[in-house]
Amino acid sequence: MPIEEVDLIVIGSGQGGVPLAAEYGKAGKRVVLFERDRLGGSCVNYGCTPSKAFLASAHAAGRARLATGLGVHCEVHVDQRAVLERVRSVRAEWNAGIAPRLEGSGVEIVHASASFTGERTVRGSEREVRAPIVVIDSGTSPAVPPIRGLAGLPYLTNLTFFDQVTLPERLLVVGGGYVGLELGQGAQRLGSAVTIVHSADRLLEREEPDASATLRTSLERDGVALRLSARASAVEYDGHAFRLTLAAGETLEAEGLLIATGRVPNTPDLDLARTGVTTRTGGFVVVDDFLETTCPGVYAIGDVAGQPAFTHVSWEDYRRMSSTLAGKPRRRDDRVLSYSTFTEPQVGRTGLTLAQAQASGIDAKAVTLPLERVARATEWDLELGFFRLVVDNGTGKILGATFVGYEAGELVQIVGFGMELGATWRQLDDFVAIHPTFAEGLPSLARLLETA
Ligand SMILES: Cc1cc2nc3c(=O)[nH]c(=O)nc-3n(C[C@H](O)[C@H](O)[C@H](O)COP(=O)(O)OP(=O)(O)OC[C@H]3O[C@@H](n4cnc5c(N)ncnc54)[C@H](O)[C@@H]3O)c2cc1C
């Protein structure tokens, strides 16, 4: 099999790989993209798209039940089959656009698992190709914890969750990170009786403690049962129900078991040693400030490079890489990272927490506005949550924010945008927001610094 010479090789059709391949293809370059599973990667097929379509139904049901406080009493009937069929149809719609986009740009798609055979040389199926630039965008897979008896059982992960026809009557979720919380709360709101088992003493332990506490209140209000500081040690399945034993001795039983305990990088199959690409603990690819690996010409983007695992990170990596390859180098850290957990209430984050700022030696302070002090929150009976702003004491520059509340992920980005522009809290204070919106809380929040 002769080695074919091409201009660009992309391994994985993730969030950064697809636009990069399409851009190069459109520019008349010869591009080969290897994909071993569905086109579009985790986000479109197993992550953001199906989970947010699922949550659209779940939160509609949850809000209808909570409308009692507004004097509206609803009897909620959930058609789980219709919910899950819709999820799959939204996923199919997004997935269907990818092949035409790539092929329309002249990209050759090879549906095969790719591995390196030498420096910048990759083989997949019957094809072996070499290029001056190779981009690894191979993403991650669900981590499976060492629970005795788990191997071989029909447990769910995010790869299979959305293929269910209906939801289990009872669902055990192992993992209280954002995937476990979103799918756990979603399933509860759609009719399962959910128990979330989490090893840390609070949910979303990387976020502010009061964000975790607020979320806990909301989940418990929905009826979700929580087991914190709990470790699953063994599991059995009798063909109908799982029996999960916790290290402390308790046994939980449910028809469904979802494992959501983190992600592992898709690097073992790549044969990286053949191309001189180094990995670090856990198998993530080591990259420099410009996303280049330890092998010149080989780049890694998105989750596999051990960065915050978000679609917008992978997509922004594409923009940085595209610029760097065009001769205008752009560092990978020239961005303000924002993200959200799409539970209700949402937990939206941008930049640093106070503890993170102080740990990095910055003289920082924070102010917090409870949502009861935002008119819209009171009017709409959505007072559960708060806005917190972290600023540099000396310069007044905004360093970060945590917002917990209705559509907090949308709102916190206003602060993120301000940070991109180098804004100070006084500029946020000067911002004239529409009354009565949640965003009206932003200048009110900043104003707290006048007396803090
Ligand atoms: C349930 C869930 C919900 C999520 N929700 C959100 C959200 O709301 N917002 C958000 O920003 N992020 C979310 N994420 C995270 C987001 O999905 C990922 O961060 C994003 O998909 C990462 O993109 P990527 O480009 O790194 O790779 P991926 O999208 O993971 O794509 C990698 C691709 O590479 C392929 N591949 C791997 N190895 C090989 C090989 N050897 N040969 C050929 N192909 C290979 C894989 O099959 C895959 O298609 C969610 C994740 C999960 C699991």
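Inter-label distance, T395 to R206: 2.5 nm, where each label sits 7 Å from its Cα along the C-beta direction. Taking packing as the residue-averaged number of other Cβ atoms within 10 angstrom, the listed peptides 208-215, 347-354 run from highest to lowest as 347-354, 208-215.
With equal scatterers on the alpha carbons only and no solvent term, can you work out the Debye log10 of I(q)/I(0) for region 101-247 at 0.13, 0.19, 0.20, 0.21 1/Å? The computed values of log10 I(q)/I(0) come out as -0.75, -1.09, -1.19, -1.30. Taking a ≥ b ≥ c as the square roots of the eigenvalues of the alpha carbon gyration tensor, region 1-100 is prolate, as a/c is not under 1.5 and a/b beats b/c.
Work out the P(r) tail for region 226-291: percent of alpha carbon pairs separated by more than 18 Å, whole number. When all Cα pairs of region 226-291 are counted, 58 percent exceed 18 Å. Residues in region 147-293 average 43 Å² of solvent-accessible surface per residue, probe 1.4 Å, ligands and nucleic acids excluded. Out of the DSSP beta bridges found with both residues in region 167-301, what percent are antiparallel (nearest 5)? Percentage antiparallel, nearest 5: 50. Taking a straight line from the alpha carbon of K397, these aspartates and glutamates sit under 16 Å away, with near neighbours fewer than eight places off in the same chain left out: D363, E420, D429, D430, E450. 3J(HN,Hα) along region 325-337: 5, 8, x, 10, x, 10, 5, 7, 9, 8, 8, 9, 8 Hz, from the Karplus curve 6.51 cos²θ - 1.76 cosθ + 1.60 with θ = phi - 60°, whole Hz, x for Gly and Pro. With the convex hull drawn over the C-alpha atoms of region 219-339, the volume per residue is 174 Å³. Protection proxy ranking of 171-181, 152-162, by the mean of other Cβ atoms within 10 Å over each peptide's residues and highest first, is 171-181, 152-162.
When the alpha carbon gyration tensor of the chain is reduced to an equivalent ellipsoid, its three semi-axes come out at 37, 30, 21 angstrom, largest first. If you take every DSSP beta bridge whose two residues both sit in the chain, what share of them, in percent to the nearest 5, is antiparallel? Here the share of antiparallel DSSP bridges comes out near 60 percent. Stokes-Einstein diffusion of region 309-399 at 37 °C, 0.692 mPa s viscosity, Kirkwood radius from Cα pairs, rounded to a whole number: 207 µm²/s. 3J(HN,Hα) couplings calculated from phi for region 242-252 with the Karplus curve 6.51 cos²θ - 1.76 cosθ + 1.60 (θ = phi - 60°) are, in sequence order, 8, 10, 9, 9, 8, 4, 6, x, 5, 10, 10 Hz; Gly and Pro show x. Backbone geometry of region 289-301 corresponds, through the Karplus equation with coefficients 6.51, -1.76 and 1.60 at θ = phi - 60°, to 3J(HN,Hα) couplings of 5, 10, 6, 8, 7, 6, 9, x, x, 9, 10, 10, 10 Hz, x marking Gly and Pro.
The values are calculated or read from the model by the stated rules, or taken from the named source; none is laboratory data. Computed from a prediction, not measured in an experiment: that's the story for all the values here. With ideal geometry, Cβ positions are generated from the backbone for all residues, glycine too; neighbour counts draw on all protein chains shown. Accessible surface areas use protein heavy atoms only, side chains included; no ligands, DNA or RNA. Shrake-Rupley method; radii C 1.70, N 1.55, O 1.52, S 1.80 Å.
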